[in-house]
1. Calculate the tail of P(r) for the stretch 409-449: the fraction of all Cα-Cα distances greater than 12 Å, expressed in %.
2. For Glu426 and Asn267 in the same chain, what is the full-extension length gain: residue separation times 0.36 nm, less their Cα-Cα distance, in nm?
3. Distance in nm between label sites at Leu134 and Glu160, each 7 Å beyond Cα in the beta-carbon direction?
4. Label points 7 Å out from Cα along the Cβ direction at Asn212 and Asp469: separation in nm?
5. For Leu270, what residues show an amide H to amide H distance below 5 Å, using hydrogens built from the backbone and excluding near sequence neighbours?
6. Just add up the charged neighbours of Leu468: K/R +1, D/E -1, any other residue whose Cβ is under 11 Å from the Cβ of Leu468.
7. Sorted from largest down, what three extents in whole angstroms do the Cα atoms of the stretch 7-123 have along their principal axes?
8. Could you calculate, for the stretch 242-333, the ratio of the Cα radius of gyration to the Kirkwood radius, expressed as Rg to Rh?
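Quick note: the coordinates plus some simple rules give every number you see, no bench work behind them. Since the model is a prediction, treat every value here as computed from it, not as a measurement. Every residue, glycine as well, gets a Cβ built from its backbone with ideal geometry; the counts of neighbours run over all protein chains shown.
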Amino acid sequence: MPPQPSHSDDLTSLRQALDHIPQGIAVFDAGLRLVTANQRYASLLELPEGMGAPGTPLFDIALHLGQRGDLGAGDPARLALERISQLTGAPLTVTQRPRHGGQTLEFHSSRLPDGGLVVSLSDVTARVEAERALELANHSLEGRVAQRTADLTRVNTELESARAKADAANHDKTRFLAAASHDLLQPLNAARLYTSTLIERAKLTGLADLANSIEASLTAVEDIMSALLDISRIDSGALKAAPAPVAARDLLKKIEVEFGPLARERNISLRIVATKATVQVDRSLVGRIVQNLVSNAIKYTTPGGKVLVGLRRRGNRMRLDVIDTGIGFNKDQHRLLFAEFSRLERGARMAQGLGLGLSIVQRLVTALGLTLELDSMEGRGSRFSLFLPATRTLAAPSAGIAPVDVNFGTMGLKILCVDNERSITEAMEGLLTHWGCDVRSALSLKQIDRERLLEGWYPDLVLMDYHLDQTSGLDAIEWLRHNLGGHLPAALVTADRSPAVRALAEERGIAVVTKPVKPAALRAAISGLANQGRSPIKRVV
């Protein structure tokens, strides 16, 4: 029978095993005397020879460390007792203690059921340094983040300030252009009215060509001013869309009224396809897009050609097509079409202009979030397709312009004209008188009242300027309706092209004619107002 291992052999084997552990380990009995410890324990604490022997009191080891200065400044015996209390004060403790030479030791102590104590320690210098480096890096990173945040905040503040200044400059520019355009369009309007009268009277005379040349020059000036003003409003964000259900026939009828005479004059067939569709759009801004597309189609179609305008349903959208048999263009020229002041060579030979119409179209299409497609073949014609949201909601009745009655001039209409520019009232009076109308004009409501212009004379309709000296044209029309009868037909004649003014006029059932006044548009407006009916006038001023 093999010999059984003795208790001393077991302790020897245990010590040999403990010596191969990288941590220092020491076991103390209930009286806190050393039972056993591995070599790593003594080496990490740098204990003198013999102090790691069994039976060594824990106090002696702690006192040695206190005398050496490992436990800090103070009385070594007191520091030793505090250290023992720290190790034995709880069932489990974890503490760290720096040593001379920059080392850091980590102690784990555990009380045994019999009151003894197990202490393990390890060198955690590398880990502590890594944590310290990470903390420094985090602190540095936080500092850099804070600095970058401060820099970004400063840059954003500067950008916001710059944007505010740019917005203010754009607003001022738009406001200036609006005011300037109004002041410039007023004399231009008078010139157009005088020229229209001259054209009417110069027919079949040698002055006809001269009058038509003056009219063409004035039209070119008006187109340039209108285009520049529109571009300024779009780029500055001053144009705000107000989508609403609109009967597509109203958009197309306006095109027929405005461009029908021009197409007939140029011997071009303008065909408007009837439709019952309703679209969800901003009536004024989409109308401006279609205006420019039809104007271009007529402008670049040779006499005898055709222009077709109509709508087709495409899914939940309506596609408004403007198709012509004009000069067309190739695919390489698409980009040039929408550039400001850019015109194709053949088009420039056919018609005057600055090449701003399609640039305005593109800006409006982008601002309204719509889609525009184009297809063309050089020498064969073009198709511009504008996609509009369809809706089944019924459109509000339009205060649109009725078709022109070419014989309206013999009807003897009584027309009251009010404008704060004397040159405009005189020009308007001359043109309307030549058309066979009975006209009275005034510069203000005060003049109407003071000179009793309406005493015994009741107008069939009123043509009213918007910017009067002491009130708006809309309020002036309301005043006249209150005093003459609520059914007094009226049109606002204004150089103010803002959607807000047009919307206010439509709310009150007032037509809008923009300055400079085109004779065809004025004829259409007067014809439409005359067709509204003639209610008896109940009161006089």
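1. Working: 438 of 820 pairs.
Pairs farther apart than 12 Å: 53 percent.
2. Contour length minus the Cα-Cα distance gives 53.9 nm.
3. Distance between the two pseudo-spin positions: 3.7 nm.
4. So the label points at Asn212 and Asp469 sit 4.1 nm apart.
5. Amide H neighbours of Leu270, under 5 Å, 5+ apart: Val307.
6. -4
7. That gives 43, 30, 24 Å along the principal axes, largest extent first.
8. 0.99
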